Amino acid sequence: MNADDAPESSINPCCSPVRAADAPSRADSPAHSGARVPQPAGSAFGAGPAADVRPVHEEVLIPAGSFLMGDGFGEGNPADGETPVHEVRVDAFRIDAAAVTNHQFAAFISATSYRTDAERYGTSAVFHLAVQAPAAHVLGEAAGAPWWLNVRGADWSHPNGRNSSWRDVADHPAVHVSHRDARAYCRWAGRRLPTEAEWEYAARGGLDGLRYPWGNELLDREGNHRCNIWQGVFPTTNARDDGFLATAPVRSFAPNGYGLFEVSGNVWEWCSDRFLPRYYRETPTDNPRGPATGVGRVMRGGSYLCHDSYCNRYRVAARSSNTPESSTGNCGFRTVMDVWHP
């Protein structure tokens, strides 16, 4: 594999480790073979949202237009491939105002009995300060990133481990959702994941060429935080100046100019594109859909673990990736719909 084709490093501090190579394969999963997998009696879903009711997606209409895509400040990691800056045109589309929440994802699970990759594997990565699980469920640290723990029973319905529940954070973004899981949700909801170009265009909120969705300064004039990222000494002390240790409820911070919430920080968001660091050197400029090859899938927006001291990927141009079966305690998604013209 060419170095330019490699997925994001497994020790990217604000991302999470990729799935272990010895984990079950996709072919092992009834959920991916088309079979319906019933949940066991007494499962976490209980009397959840009605099975025949799809959740409402509060959408924002993004007009067709052009923008300058990429890092114009020279602040990105060269291995991420945020340059060269290039003009891109996208058609109009509708995008979720906020990331898909636990309550919305629970409706999908209740309706389909789908089993996520984290549930099939039996484990997922949880940030060490957020773990809520018996000590015996903590199976070890990620190599080179000891702040990530492999926790048995961590999944979308138990975001911090077996002693946590999605019901306590129903209005938070759904996490421990792999790229494959996000696509399954989209198929059920009649939606799709945004392309990387659509995501950045929408996240910029009409402000072309700036560092963040709101401008170039991280804090407002009063010193208040505009997004959920890390404050303090990573990875041991989070001062929680923004009010949160881990995920925040959606709509906790002011929206951008298009009305999108938390496109910087809180959780990474999956895009539909495959990831190649060199892609910006050869990308089409009209509705780009990503490269035809590549192992990883693009993630955008950064998360609650980002901090300038080690990971500034909450910038609107920043990009990262993970393998499509990987699930994490800091990655979710939002969905889009095409705008059809007669």
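Share of carbon and sulfur in the accessible area of segment 128-196 stands at 49%, probe radius 1.4 Å.
Phi angles across segment 189-194 convert, under the Karplus curve 6.51 cos²θ - 1.76 cosθ + 1.60 with θ = phi - 60°, into 3J(HN,Hα) values of 7, x, 10, 8, 7, x Hz, Gly and Pro given as x.
Take each of the peptides 101-109, 320-328, average the number of other beta-carbon atoms within 10 Å over its residues, and list them starting from the highest.
Going by the mean number of other Cβ atoms within 10 Å, highest first, we get 320-328, 101-109.
Only residues of segment 317-342 count here: report those whose backbone N is under 20 Å from the spot 7 Å along Cα→Cβ of ARG251, or say none. So the set is 332-337.
Approximating the spin labels as points 7 Å out from Cα along Cα→Cβ, the ARG54-to-GLN231 distance works out to 4.0 nm. Amide H contacts under 5 Å for ASN228: ASN266, restricted to partners 5 or more places along the chain or on a different chain, H placed in the peptide plane at 1.01 Å from N. Under the rule a/c < 1.5 gives rounded, and otherwise a/b versus b/c splits prolate from oblate, where does segment 77-154 land using the Cα gyration tensor? Oblate is the answer for segment 77-154, as a/c is 1.5 or above yet b/c matches or exceeds a/b. Around the amide H of GLY332, modelled in the peptide plane, lie the amide H atoms of TRP268, GLU269, TRP270, all under 5 Å away and 5 or more residues distant in sequence or on another chain.
Where a ≥ b ≥ c are the square roots of the eigenvalues of the C-alpha gyration tensor, would you call segment 291-342 rounded, which needs a/c under 1.5, or, failing that, prolate if a/b is larger than b/c, or oblate? The shape class here is prolate.
Here the 3J(HN,Hα) profile of segment 263-279, calculated from phi with Karplus coefficients 6.51, -1.76 and 1.60 at θ = phi - 60°, is 8, 10, x, 6, 9, 4, 10, 5, 10, 6, 5, 6, 10, 9, x, 7, 4 Hz, Gly and Pro shown as x. Counting only protein heavy atoms and a 1.4 Å probe, segment 223-293 has 41 square angstrom of accessible area per residue. A simple charge model with +1 on the Cβ of Lys and Arg, -1 on the Cβ of Asp and Glu and nothing else charged puts the dipole of segment 58-182 at about 600 debye relative to its Cα centre. The protection proxy used here, the mean number of other Cβ atoms lying within 10 Å of each residue, ranks peptides 63-76, 113-126 as follows, highest first: 113-126, 63-76. Put simply, the amide H of ARG192, placed in the peptide plane, has neighbours under 5 Å in VAL336, leaving out anything fewer than 5 places away on its chain. Sequence-ordered 3J(HN,Hα) estimates for segment 236-249 from the Karplus curve with 6.51, -1.76 and 1.60 and θ = phi - 60° stand at 9, 9, 9, 5, 6, 4, 8, x, 9, 7, 10, 5, 10, x Hz, glycine and proline given as x. May I ask for the distance between the Cα centers of segment 87-119 and segment 185-264, given as a whole number of Å? That distance is 17 Å.
Can you tell me how segment 141-253 classifies by the Cα gyration tensor, rounded, prolate or oblate, using a/c under 1.5 as the rounded cut? Oblate shape, in that a/c is at least 1.5 and b/c is the bigger or equal ratio.
The values are calculated or read from the model by the stated rules, or taken from the named source; none is laboratory data. Just so you know, these numbers come straight off a predicted model, no measurement behind them. When we count neighbours, we look across all protein chains shown, and the Cβ atoms used for this are built from the backbone with ideal geometry, even at glycine. Heads up: the accessible areas ignore ligands, DNA and RNA and are worked out on the full protein's heavy atoms, side chains in. Shrake-Rupley method; radii C 1.70, N 1.55, O 1.52, S 1.80 Å.
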